[in-house]
1. Only four residue types carry charge here, +1 at the Cβ of Lys and Arg and -1 at the Cβ of Asp and Glu. Report the dipole size of the chain about the Cα centre in Debye, rounded to the nearest 20.
2. Would you work out the relative contact order for the chain, in percent, from Cα pairs under 8 angstrom that are 6 or more residues apart?
3. Can you list the aspartates and glutamates whose alpha carbon is less than 12 Å from that of Lys47, not counting same-chain residues fewer than 8 positions off?
4. With every protein chain left in place and a probe of 1.4 Å, what is the accessible surface of Leu32, to the nearest 10 Å²?
5. Below 14 angstrom from the Cβ of Ala20, what's the summed charge of the other residues (Lys, Arg +1; Asp, Glu -1)?
6. Largest first, how would Met18, Met1 line up by accessible area (1.4 Å probe)?
7. What does a probe at Val17 reach in region 26-64, counting residues whose amide N is under 16 Å from the point 7 Å along Cα→Cβ?
8. Considering amide H positions built from the backbone, and no H for Pro or chain starts, which residues 5 or more places from Ile4, or on another chain, come under 5 Å of its amide H?
Amino acid sequence: MIQITLRAARVNAGLTVMQAAKHIGIGKDRLLKWEKRPDLVNPLYQKRISEAYEFPIDAIFFGP
């Protein structure tokens, strides 16, 4: 299966960093950090991100 980056998923959803962070319930700085280091995102937030971006969780790359 092909996976896209966290940033690509956000852009694909048409969300700015601020909008996405608000939907997920985190600060923009944390989201920017996660976009650089997706391996830091715990499973609870992976689910929230998937829901906010309306993108399947297994299609977003959260690995190191």
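The values are calculated or read from the model by the stated rules, or taken from the named source; none is laboratory data. Owing to the predicted nature of the structure, the values given are computational and were not obtained by experimental measurement. Cβ: placed from backbone, ideal geometry, glycine included. Neighbour counts: every protein chain shown. Surface accessibility is based on the protein's heavy atoms, side chains included, excluding ligands, DNA and RNA. Shrake-Rupley method; radii C 1.70, N 1.55, O 1.52, S 1.80 Å.
1. It works out to roughly 260 debye.
2. Working: 63 pairs, mean separation 30.0, N = 64.
Computed over the chain, the figure is 47 percent.
3. Those aspartates and glutamates meeting the cut-off are Asp58.
4. 70 Å²
5. Details: positive: Arg7, Arg10, Lys22, Lys28, Arg30, Lys33, Arg48; negative: Asp29, Glu35, Glu51, Glu54.
The answer is +3.
6. Numbers: Met18 120, Met1 170 Å².
From most accessible down to least: Met1, Met18.
7. Backbone N within reach: 26-38.
8. Under 5 Å from the amide H of Ile4 lie the amide H atoms of Ile60, Phe61, each far enough along the sequence or on another chain.
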